[in-house]
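A short write-up of the structure that comes next.
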Amino acid sequence: MLMELTAVYIWSQILTVVEYGLLGASYLAKNRKAIVLLDIASMATGIVVFLLLGADLGMAMSVVILLANFYYLWDEHAEGTKNRLTLRDYIVLVIVLALIAVLAVLTYDGPLSLLSVAATVLYEISIFWQGNTKVYKLLGIPVAFCWMTYNGFVGSIFGVLCEFFMFVASVVGYMREVKAGKKKKRRKRRS
């Protein structure tokens with residue numbers, strides 16, 4: 001099924017490139033605050049895209065994730081980077097995952113729609129881990145794979161291509177994190 005080339009469709013595709021550029025940059029960012037800020041910008045852009053395309057599930061899930069990202073940004077500002085998760089963090093995660101589950105039930109459109117739900121849940125868990133950017137980048141790999149598969153089944157070549165670039169960005173970002181961790185350990189041993 002081909003989309004008609006309207007101004008709305010063209011703008012949605014331009015904004016999709018912007019959205020994925022911001023998301024890809026988040027996988028390459030080195031600190032949590034930069035990741036969350038880039039992610040907020042990416043989610044906000046994605047919400048506009050979903051509005052333009054009339055994609056209710058994508059928009060609803062993105063709004064939930066955007067609100068969670070604002071919480072993480074606030075928490076980072078209020079508490080600073082922390083290595084331990086608090087009860088409040090877990091409560092926020094449970095609320096967000098419950099909202100995702102409700103939205104999934106309300107908008108269920110067959111087994112294929114579960115791929116987008118799986119990607120969203122994995123993404124939320126990845127961004128949730130306070131202070132551990134390695135988890136975010138590692139879980140970006142299956143998130144991109146879920147979205148690539150979903151886009152392949154719905155016939156979105158552009159979607160598959162965009163998610164392939166996210167897959168590569170998350171792999172590169174994760175490998176950089178692992179390499180930086182090994183360098184840090186070597187420096188500690190030398191000290």
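The values are calculated or read from the model by the stated rules, or taken from the named source; none is laboratory data. Note that this is a predicted model, so its numbers are computed, not measured. Cβ coordinates were reconstructed from backbone atoms using ideal geometry, including for glycine residues, and neighbour counts include every protein chain displayed.
A few notes on this one:
- Under the condition of being closer than 22 Å to Phe128 by Cβ and of a type in the set (A, V, I, L, M, F, W, C), the residues counted in segment 140-171 number 10.
- For segment 82-133, filtering for residues that are surrounded by 13 or more Cβ atoms within 10 Å (Cβ to Cβ) and either of a type in the set (Asp, Glu) or in a helix (DSSP H, G or I) (or both) leaves 27.
- Of the residues making up segment 10-41, not one is under 10 Å from the mean Cα position of the chain (by Cα) and in a loop (DSSP other than H, G, I, E, B).
- Residue list for segment 22-35, restricted to those being modelled with pLDDT of 90 or more and buried (at least 17 other Cβ atoms within 10 Å of the Cβ): Leu22, Leu23, Gly24, Ala25, Ser26, Tyr27, Ala29, Ile35
- Residues (modelled with pLDDT under 85 and hydrophobic (A, V, I, L, M, F, W, C)) located in segment 82-126: Leu85
- Verdict on Ile65 being under 23 Å from Thr107 (Cβ atoms) and either small (Gly, Ala, Ser) or at pLDDT 90 or above (or both): yes
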